[in-house]
Structures are given as C-alpha cells and as structure tokens.
Amino acid sequence: MIADVAFDAPVAHPFSYLVPEGWTLAPGQRVLAPLRGAQRVGMVVALRAGDDASLKPLGRVADPEPVLSPAQLDLVGWISAESLSSIGSTCAALLPPPARSGSVSFPARRSPRPSPAPKPELFTGAGRETRALERIERTDGTVLVLAPDVETSARWAQRLAKLGPAVRLDSGVGDEARAAAWRALGEGTARLATGTRSALLAPLVAPATLVLVDEHEAAHRPPGHPRIHAREVVLERARREGAQVLLTSATPSVETWWRADAGRLTAATAPPGPWPAVALADTRGILRREPLTPPLARAIRETLAAKRRVFLAVSRLTSSLACDECGEVLRCETCRLALSYSRAAATLTCRVCGRSQPLPDTCPSCHGRRLSPFGWGAERVEHAVRRRFPDARIARYDPEAARGARGEAQRRAAAAADVVVGTRGALRLFGPASLGLAGFVSPDQLLRIPDFRAGERALAFLWAAAERVGAGGQLIVQSQHPTHYAFDAAARQDLAGFYTHELKFRAELGYPPFRRLAIVGVRGSAPAETQKLAERVGAALGATPELTVYPPAPDRRDRGRRIVVKGKADLPRLLAAALAGFREGAAARRGIIDVEVDPIEWPF
Ligand SMILES: [Zn+2]
Ligand SMILES: [Zn+2]
C-alpha cells in the first residue's frame with residue numbers, strides 16, 4: 001500500500017511512502033515520515049495500491065485517528081488551490097499540533113449529507129454584536145465564533161458563556177485546553193466555541209453556525225500560508241456543509257457589500273446609532289507648519305476641560321506626492337492609484353502597471369510649485385500637542401510598530417493618558433462612546449496610499465473612531481479633500497453612500513470584487529538572473545489570453561521583480577497552470593516564485 005503525504009513545504013505535490021504491514025491508516029491522518037534526512041509531520045492525502053518496492057516506509061503514526069474527515073480534506077484541497085499554498089502548509093497553519101501522547105485525539109466525525117446552506121447574514125450598524133448574539137441564541141446547533149485576534153475571541157467566549165458552556169480554540173488558552181476543546185466539538189459534547197483563524201477547520205456537528213466577527217479586518221488574512229481571507233474559507237465551508245454564516249462588521253469589506261447588493265447575503269440593517277458631531281476642517285491653501293488647525297486645538301482644550309479623553313489619529317507617512325496648495329495627489333493616469341515617489345531616483349512609479357515617470361515641476365491641477373510627500377508623523381504631532389497642552393498626560397501608541405516589552409509599556413502609558421496620538425490599532429484601547437474627541441490630523445495620508453483599498457481603509461478608521469466617540473462628542477477631520485466620499489460617509493453616518501462611489505470606482509478600473517488580482521514575485525540568484533526569470537515568467541503568464549499581465553517592475557526593496565496579474569474567478573487555476581513549469585524541479589532551483597492571490601495589502 002502507498003501513502004501520499006503532503007508536508008509543510010512550498011512544494012505542490014505530495015511524496016509517496018510505503019505503508020508498513022499491519023498499519024491501519026486513513027486519509028486525513030497525520031504521520032511522521034522521512035524527508036531530507038529527518039522525520040517530519042505530514043498529512044496523508046491519499047492511500048492507493050501500486051508498486052511500493054522502492055519506497056521508503058513511513059516512520060510512525062502521529063494522530064491515532066484521522067484529524068480531517070474526507071469532506072474537510074477536500075476543503076483543504078480547495079483552500080490550497082485558491083491560495084496557491086501547498087496542502088501541507090495549509091494543514092500546518094489550520095490544525096492543532098499532533099497530540100504528544102496517544103491519549104488525545106481529534107476525531108473527525110462523518111457528517112450526514114448536508115442540506116443546502118441558508119443565505120449568509122451580515123450585521124452592521126449600532127448594536128450589531130448584541131443582535132448577532134441574539135441570533136445565535138435562537139439557533140440550536142453548534143456555534144463557532146471566529147475573531148480577528150485573541151482578545152476579541154476571549155470577549156466572545158464571555159458573551160457565549162451566558163448562553164451555555166463555551167470552549168476556546170485560540171492561543172489564549174493552553175495547548176491541552178485547546179486540544180480538549182477541538183475534541184469536544186468533534187464529539188458533540190461542546191456546542192459553543194470561539195477561536196481565531198486557526199480554528200477554521202474545527203470539527204462541527206451539524207447543524208452548525210459559523211460567525212465571523214469584524215469580517216473586514218485584515219487580521220483575518222495574516223501573512224503566511226495559506227494566503228486566503230478567513231471570510232472566503234467560512235463561506236465555502238458553509239456552502240459545503242449546509243451551515244449558517246453570520247458576519248459582523250462596522251464597515252463591511254467592499255466584497256461583502258457587493259455580495260449583499262447582489263442578493264447573495266442578507267444584510268440585517270439597523271437604525272442609526274449614537275454619532276458624534278462631525279466637523280470637516282478644510283486645510284486647502286493653508287501652508288501648514290502646525291498639525292493642529294484652530295478648530296481642532298479648540299476642541300482639544302474643551303474636551304480636556306470637560307475631563308474627557310482625546311484620540312488624535314495619525315498614520316504612517318506614505319511615499320506619494322501631493323500638491324500643498326490644492327491637495328491634488330499625483331496618480332497614475334490609467335490605474336488611478338497614487339504614484340509611488342522615490343526621492344533617490346527622482347521618479348514616480350505606478351505599483352500596478354509599473355510605468356515610471358520623472359517628477360513634474362508643477363501641480364497638474366493648479367500649477368502650484370509645492371509638491372511634497374507631506375504628512376504628519378506621530379512624533380511631530382505629539383510634540384505639537386505637548387507644546388500647547390503642557391499639563392495634559394500625552395502618549396503615543398502604534399501597536400503594529402512597537403511590540404514586546406516596549407509595546408506593553410506604550411500601551412500602559414496610552415491607557416492612562418488624556419490624549420493618545422495613535423494609529424488605527426490604538427483604537428482597541430477604547431470602548432464604545434469612551435472618547436470625548438477624535439481628531440484626524442491628516443487623513444489625506446490614508447487616501448494617498450498607493451493601494452486600491454485606500455478609501456475603504458480610510459472609512460474603516462474614521463468609522464471605528466466615530467463609534468468610540470458616540471453622541472455628545474466630536475469628530476474633527478482636517479483635510480485638503482473635505483468633500484471626499486469616505487469623509488462624507490463618516491460625517492453623515494451613511495455606509496451605502498460610500499459603497500455606491502467605491503463600487504463604481506472599482507468597476508471602472510477593474511479592481512476587486514469585479515476582477516481578481518495577484519502579485520507574482522520573482523527572485524533569482526543575482527540581479528541579471530532575476531530580470532531574465534521575470535521576463536520568462538511574464539511571457540508564460542502572457543500566453544494565457546484570459547489574464548491581464550502587467551510588465552515586471554522592481555519590488556519595494558529592489559531585490560526582486562513583481563508582476564501584477566488581473567483575471568476573473570478562475571485566476572488561481574490559470575496562474576497555477578501558467579507557472580507549473582517554474583515551480584518544480586530544476587526550474588524551481590534557479591529562482592523563487594512567490595504568488596499572492598487577492599493581496600489585501602500591497603507588500604511593497
Ligand atoms: Zn498604472
Ligand atoms: Zn495643486
């Protein structure tokens with residue numbers, strides 16, 4: 001008997017081994033097998049008869065029983081094909097480690113034939129989590145809540161505990177407890193569970209409900225394999241298993257809103273919730289030497305006097321150029337994305353089509369002469385606030401930039417401060433309606449990010465801040481584009497208005513959800529090799545008429561080349577076919593080809 005085993009390695013194909021006499025083994029079970037001189041954990045994907053005389057034998061069984069049912073193994077195959085990640089890497093990321101002793105197993109129950117899945121439901125607006133919880137309360141099957149991070153998972157575990165015993169599958173509890181929770185779900189002795197992305201494949205006894213909290217969050221698609229958003233896996237899994245999906249989001253992803261528009265999911269609307277007074281401070285034509293306009297400075301003073309807290313939103317400086325006079329951002333004429341500015345090369349480059357141009361002398365819109373990568377960094381804003389409000393407790397917090405002990409110290413200081421100067425992640429410090437004022441110092445920086453999701457991101461940040469201010473407080477937006485539809489939507493608490501504009505823009509330029517995008521990264525052993533390989537890869541992709549392939553362009557650090565590819569729903573399949581010759585054998589040794597399908601953040 002031959003076992004085909006997939007390993008956590010960037011190799012698409014499984015390896016074949018001899019199954020020793022007397023073993024009982026099934027697909028979906030993990031084994032230890034020799035690979036490049038060591039015993040490594042791999043997933044048995046198939047068992048077959050054949051000539052096994054020349055094969056190495058398997059080492060030992062790692063799971064006493066299969067950890068994946070045949071249906072789940074098939075879902076893993078789908079994830080792998082959609083994300084161009086290997087089956088082994090997908091299993092390694094989405095399954096708990098094999099039990100050390102034989103005492104704990106993760107039985108994968110065979111489910112009865114699934115009935116058609118009900119339509120997924122989307123919860124937005126005020127009280128969305130309470131409404132989702134009430135909806136959960138009305139179901140009588142298994143419920144798995146998937147959160148973007150461990151803290152949110154813990155919070156949901158507390159909520160679920162009001163409905164009955166709830167188990168946790170995230171790293172906030174110990175390995176033993178996680179393993180026991182996985183087992184209890186599979187056996188049907190646990191009915192309510194929370195977890196993060198690593199719980200996506202947890203066994204669920206039908207009828208099941210899958211809840212994805214904050215479905216728009218980028219944290220649902222962290223770096224590393226498999227490169228796929230948890231939302232896509234949840235929807236596919238539910239479709240296969242006949243499960244109910246509930247999505248919650250303050251600002252749904254454009255993809256999700258579009259599905260709701262098309263009637264593919266039901267949007268549970270809510271009346272408008274408490275909202276702050278929103279003021280848009282026009283900074284056009286004002287040469288700013290000072291990050292706080294008079295309205296914002298006044299609002300800070302009033303808020304501190306009322307003993308309420310202030311959040312000043314900042315973002316990292318981007319590499320694009322804009323006119324200081326009229327606010328015009330220099331964009332690619334065809335792709336409409338902000339051009340990326342290289343000071344060293346004195347050029348502007350489009351990150352989609354790769355076209356490069358010299359710096360213009362004047363603004364194409366008002367002929368002004370001040371074009372700059374203008375923006376306010378967190379440090380300069382902090383200094384300015386200190387100068388004006390010397391008695392206030394002021395802290396700066398960017399959880400993505402400061403991790404470990406330094407990050408914890410920053411977090412503690414920010415939690416006790418009157419004024420927090422922070423990035424979007426810093427909003428996690430504040431509960432609903434806990435702020436007196438949120439000020440966006442230069443949110444134009446958010447719109448200048450050379451990413452087609454720039455508007456969506458800006459809206460999400462503004463909306464999250466507004467919810468943390470609530471009624472009775474203020475939201476102040478300082479912008480050279482005060483009429484931008486993202487700002488307008490936040491000011492009027494009008495989600496639909498935003499998506500109408502955004503979907504039009506995406507449709508006209510052929511961005512998701514209307515087309516799918518992929519970035520093919522290429523690196524050879526030396527710069528000349530990289531260029532040659534990139535040209536060959538580009539030509540191979542270009543031979544597929546259904547794909548739109550842009551010319552290879554240098555990546556951010558100029559170490560490799562990247563090729564942007566656009567296609568339709570079958571993009572992953574076409575990419576895999578076009579690149580098959582480059583990813584195996586001798587060709588694979590000449591360079592690294594890395595494919596990111598549906599990238600959520602431009603990695604350059
Ligand atoms: Zn372009
Ligand atoms: Zn201008």
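The values are calculated or read from the model by the stated rules, or taken from the named source; none is laboratory data. Being a predicted model, the structure only gives us computed values, none of them experimental. Positions of Cβ are generated from backbone atoms using ideal geometry, with glycine treated the same way; all protein chains shown enter the neighbour counts. Note: areas computed on protein heavy atoms with side chains; ligands, DNA, RNA excluded. Shrake-Rupley method; radii C 1.70, N 1.55, O 1.52, S 1.80 Å.
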Notebook entry, point to check: Rounded to the nearest 500 deg cm²/dmol, what is the calculated helix-only ellipticity per residue at 222 nm for the chain, with -39500 (n - 2.57) per DSSP H run of length n ≥ 4?
Noted result: -9500 deg cm²/dmol
Note to self: Can you work out the Karplus-derived ³J(HN,Hα) for every residue in the stretch 446-453? Use 6.51 cos²θ - 1.76 cosθ + 1.60 with θ = phi - 60°, whole Hz, and x for glycine or proline.
What the structure shows: 5, 7, 8, 5, x, 8, 5, 8
Note to self: Largest first, please: the extent of the C-alpha atoms of the stretch 455-604 along each principal axis, to the nearest Å.
What the structure shows: 66, 30, 24
Notebook entry, point to check: Within the accessible area of the stretch 407-521, what % is carbon and sulfur when the probe is 1.4 Å and the other protein chains stay in place?
Noted result: 55
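Just to make sure I understand: if all protein chains stay in place, what is the order of Arg178, Arg506 by accessible area at 1.4 Å, largest first? The partial results should precede the final answer.
Values: Arg178 55, Arg506 0 Å².
Largest accessible area first, the list is Arg178, Arg506.
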Notebook entry, point to check: Which of Gly425, Ala464, Ile449 sits farthest toward the positive end of the charge dipole of the stretch 402-475, with +1 on the Cβ of Lys and Arg and -1 on the Cβ of Asp and Glu?
Noted result: Gly425
Next item on the list: Rounding to the nearest 20 debye, state how big the charge dipole of the stretch 1-147 is about its Cα centre with +1 on each Lys and Arg Cβ and -1 on each Asp and Glu Cβ.
Entry: 160
Next item on the list: Enter the accessible area of Met1 (Å², nearest 10), with the probe set to 1.4 Å and all protein chains included.
Entry: 110
Note to self: Heavy atoms of the protein only, probe of 1.4 Å, neighbouring chains included. What is the accessible area of Val19 in Å², nearest 10?
What the structure shows: 20
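Mind checking the dipole of the stretch 515-604: about its Cα centre, +1 per Lys or Arg Cβ, -1 per Asp or Glu Cβ, Debye to the nearest 20?
On the way: 16 positive and 11 negative charges, 26 e Å.
That gives a dipole near 120 debye.
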Next item on the list: Taking H placed 1.01 Å from N in the peptide plane, check which residues at least 5 places from Val314 or on another chain put their amide H under 5 Å from its amide H.
Entry: Gly422, Thr423
Note to self: Suppose all protein chains stay in the model; what accessible area per residue would a 1.4 Å probe give for the chain, in Å²?
What the structure shows: 44
Notebook entry, point to check: If you take the beta carbon distance between Asp488 and Ala46 as r and set R0 to 60 Å, what does 1/(1 + (r/R0)^6) give as a FRET efficiency, to the nearest 0.05?
Noted result: 0.60
Check: Which is farthest toward the positive dipole end of the chain among Ala305, Ala539, Ser198, measuring Cα position about the Cα centre, with Cβ charges +1 (Lys, Arg) and -1 (Asp, Glu)?
Finding: Ala305
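Rounded to the nearest percent, how much of the accessible area of the stretch 173-324 (1.4 Å probe, protein heavy atoms only) is carbon and sulfur?
Numbers: 3280 of 5870 Å².
The nonpolar share, carbon plus sulfur, comes to 56 percent.
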Next item on the list: Go through His229, His383, His216 and list them by solvent-accessible area, largest first, probe radius 1.4 Å.
Entry: His383, His216, His229
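Probe radius 1.4 Å, ligands and nucleic acids ignored: give me the carbon and sulfur share of the accessible area of the stretch 1-154 as a rounded percent.
Details: 3970 of 7370 Å².
On the stretch 1-154, the fraction of accessible area on carbon and sulfur atoms equals 54 percent.
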Notebook entry, point to check: Between Ala180 and Arg386, what is the label-to-label distance in nm when each label sits 7 Å out along the Cα-to-Cβ direction?
Noted result: 4.9
Checklist line | Computed magnitude of the charge dipole of the chain (debye, nearest 20; Cβ of K, R +1, Cβ of D, E -1) | finding: 960
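By accessible area of protein heavy atoms, probe 1.4 Å, what ranking do Ser434, Ser356, Ser525 get, highest first?
Largest accessible area first, the residues go Ser525, Ser356, Ser434.
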Note to self: Using each residue's phi in the stretch 471-482, evaluate 6.51 cos²θ - 1.76 cosθ + 1.60 at θ = phi - 60° and report the 3J(HN,Hα) Karplus result to the nearest Hz, with x for Gly and Pro.
What the structure shows: 5, x, x, 10, 10, 10, 10, 9, 8, 8, 10, x
Check: Measuring from centroid to centroid over Cα atoms, what is the spacing of the stretch 256-313 and the stretch 518-588 in Å?
Finding: 41
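Averaged over all directions, how much area does the convex hull of the C-alpha atoms of the stretch 21-179 cover when projected, in nm²?
On the way: hull surface 52.8 nm².
For the Cα atoms of the stretch 21-179, the hull's average projected area reads 13.2 nm².
Once you order the gyration tensor axes a ≥ b ≥ c over the Cα atoms, which shape class does the stretch 349-420 get: rounded for a/c under 1.5, otherwise prolate or oblate by comparing a/b with b/c? Numbers along the way, then the final one.
On the way: a/c = 5.21, a/b = 1.89, b/c = 2.75.
Oblate, because a/c is 1.5 or more while a/b does not exceed b/c.
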Next item on the list: Express in nm, to one decimal, how much length is gained between Arg557 and Ala219 on full extension, taking 0.36 nm for each residue of separation and deducting their alpha carbon distance.
Entry: 119.3 nm
Check: From the square roots a ≥ b ≥ c of the eigenvalues of the alpha-carbon gyration tensor of the chain, which class results: rounded (a/c under 1.5), prolate (a/b over b/c), or oblate?
Finding: oblate
Note to self: Using the Cα centre of the stretch 140-187 as origin and beta-carbon charges of +1 (Lys, Arg) and -1 (Asp, Glu), tell me which of Val145, Gly174, Leu160 is placed farthest towards the positive end of the dipole.
What the structure shows: Leu160
